[in-house]
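The values are calculated or read from the model by the stated rules, or taken from the named source; none is laboratory data. Since we're looking at a predicted model, the values are computed, not measured. A quick note on method: Cβ atoms are made from the backbone with ideal geometry, for glycine too, and the neighbour counts reach across all protein chains shown.
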Amino acid sequence: MVKKIKGFSKFSKEEKIEWLAKTFFDEKVIVKDVLKSYWNSDVKLQKLHDDFTENTISNFYLPYGIAPNFLINGKDYTIPMVIEESSVVAAASLVAKFWTTRGGFTATVIGTRKVGQVHFMFRGPFKDLEAYFTKVRHRLLKATEQITKNMRNRGGGIVSIDLVDKTRDLADYYQLHVAFETKDSMGANFINSCLEVISEVFKREDIQIVMSILSNYVPECLVRAEVSCKVEELIEGTLETDANEYAKKFKNAVTIANVEPYRAVTHNKGIMNGIDAVVLATGNDFRAIESCAHAYASREGRYKSLTHCEVKEGVFRFWIEVPLALGTVGGLTSLHPMAKLSLELLQNPSSEELMKIIAVAGLAQNFAALRALTTTGIQKGHMKMHLMNILNQLGAGAKEKEVLIKHFKNTPVIYSAVQELYEKIK
């Protein structure tokens, strides 16, 4: 049993590693070497990374790839993607090229409103609470003026404050539901600061403030991305199938994800492959984006697809509507060198432009997955990309990789088959 340790956070990085090696790895030198091999040789840069979180002992790398040839609203983009899953970047690149010759992607921001709430308990008559809220509402706004000043100068700030009765869900439970516009910042710290000031002004002896916190569910911070073309233009290259049958099959695949939650979860996970990869690359909060997207997919009481498809009068349309609360200033976007590089690669977009780009990435990923599923199957492309991971795992050398890659060019990639042939070659 591991003994509890006191004062661990005060240890130096070297001391933390020594303790880990001694406690969990029998003081193996290789553990220390592995951890230290991922330190950045630039001491200043490493210190920056160390300060992002607590008890840092090393860095954990993920591949940083780019998907070129995206045409969005008539503008060309090369999209950065941080992801370890095989085939995601390749699929995005292929789909980008496919739609570039068919007019590209269109994207529109529907809304940018974000939400915060003051949760509180009140046992008196609702009319008394309502009267009190009406009386102090202007004071709530007045109290936040110093915090909201800069945001208001940029066109943002508090949009509305509403009193919400939630006693049907929980006895004595009410909310102050506050809507915000935060412009190019994600705005979490700004929103939370405003809410805490509001709660201080609002509370009184018979009002128990439980908590004041932003919500990561932002259904009014919404973006739509779409592609469309004539049905006959869907077929290209060596894909031997009737265009109308293919379009119908594709539409059915989306419809199935709308009626079958087991399929919808995997369907939306594929969308998030594209979305999360760009969210990570730009230093935004992928956990908040994920939770919001899945809550939005369940907004009608059943978990459904985030994408939609229509085949009408010879035209194929495929689109996504997804909530995305993003920032291009402040936070990690302004601190992480790679996040700053990503935004520069994307031509320094506003938060609304970034919403469009990321929604397109999700739509492209879903199109790639559905095209594969409804034609050749998902494993053919995925396992081809996964082959290199298998070879690295087996420890194959350059010459062995060359032989094995050539062999599996037109052969199904199955781990056991790769391992067996590798052993023979070796």
Subset of region 95-113 that is surrounded by fewer than 19 Cβ atoms within 10 Å (Cβ to Cβ) and not charged (D, E, K, R) - its residue that is nearest to Pro63 (Cα to Cα) = Thr100
Within region 342-376, count every residue that is within 18 Å of the chain's Cα centre (by Cα), under 23 Å from Thr182 (Cα atoms) and in a helix (DSSP H, G or I).
-> 12
Hits in region 367-398 - residues which are at pLDDT below 80 and charged (D, E, K, R) | Lys380, Lys384
From Gln175, Gln208, grab the single residue that is outside any helix (DSSP H, G or I), under 30 Å from Leu332 (Cβ atoms) and not assigned by TED's automatic domain parsing to the domain that holds Ser334.
-> Gln175
Matching residues, region 39-58, being closer than 27 Å to Lys3 by Cβ and surrounded by fewer than 14 Cβ atoms within 10 Å (Cβ to Cβ) = Thr53, Glu54, Asn55
Number of positions in region 189-203 that are touching a residue at least 60 places away in the same chain (Cβ under 8 Å) and either in the same structural domain as Leu326 (by TED's automatic domain parsing) or small (Gly, Ala, Ser) (or both) = 1
Report, ordered by the first and then the second residue, all pairs with beta carbons closer than 9 Å, sequence separation of six or more or different chains, a first member in region 240-268 that is over 17 Å from Gln365 (Cα atoms), and a second member that is aromatic (Phe, Trp, Tyr) and part of a helix (DSSP H, G or I).
-> none
Neighbours by Cβ (under 7 Å, 6+ apart or cross-chain): first from region 36-51, charged (D, E, K, R); second surrounded by 12 or more Cβ atoms within 10 Å (Cβ to Cβ) | Asp50/Thr56
Which residues, taken from region 314-335, are surrounded by fewer than 19 Cβ atoms within 10 Å (Cβ to Cβ) and farther than 25 Å from Val231 by Cα?
-> Val329, Gly330, Gly331, Leu332, Ser334, Leu335
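Matching residues to (1) in contact with a helix residue (DSSP H, G or I) (Cβ under 8 Å, 6 or more places away or on another chain); (2) farther than 23 Å from Gly330 by Cα:
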residue: Lys44; (1), (2): no, no
residue: Asp51; (1), (2): no, no
residue: Asn59; (1), (2): yes, no
residue: Ala67; (1), (2): yes, yes
residue: Phe70; (1), (2): yes, yes
residue: Asn73; (1), (2): yes, yes
residue: Ile79; (1), (2): yes, no
Turns out the helices (runs of 4 or more DSSP H) fully within region 3-50 with at least 1 residues that are more than 28 Å from Met338 (Cβ to Cβ) are 13-24, 29-37
Could you tell me whether region 114-123 includes any residue that is in contact with a Phe, Trp or Tyr (Cβ under 9 Å, 6 or more places away or on another chain) and either assigned to a loop (DSSP other than H, G, I, E, B) or surrounded by fewer than 15 Cβ atoms within 10 Å (Cβ to Cβ) (or both)?
-> no
